[in-house]
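A short reminder: the numbers here are calculations on the coordinates, not readings from a lab. Since the model is a prediction, treat every value here as computed from it, not as a measurement.
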């Protein structure tokens, strides 16, 4: 099989390149196994920068997860993945083009949260996982998390002061969504 190819998930936020701090929790229950990833993220501001948010992604039907290192100097491609580029990379106008696409669509064109369009890992799993399961990847600053799950939901809170983990106690959920697959 050829290389794993990732496509950006359609979410209105992006993983923070400086405060991502990925935290993976994976558990089983008598209903179904789940995993959650808590991370620092942001939404586009008027000045084309991002604000600070705490995002929690919960994966349902999650039987597999793994965590690996990645250099903060490079994207997820540096660990062997191909990424469907949302637009041609040009350092001279990257921020401007990214912001324009984000404003036009409402979704970050490259949020560092992906679904594998073609997955080497998923192809190695038993037949039972070949239908209805997806390979998701979240790329942080120094690491990345992968899960095989049937679906995901996300929630976000404004992270304006203090510890990121106290954000839910300081204010309401300000955004939420789920996979459409």
* Structure fact -> Taking every DSSP bridge whose two residues both lie in the chain, the antiparallel percent to the nearest 5 is 95 percent
* For the chain, diffusion coefficient by Stokes-Einstein and Kirkwood Rh (Cα), 10 °C, 1.306 mPa s, µm²/s -> 94 µm²/s
* Okay, helix-only estimate at 222 nm for the chain: each DSSP H run of n ≥ 4 adds -39500 (n - 2.57), divide by all residues, round to 500 deg cm²/dmol; what do you get? -> -2500 deg cm²/dmol
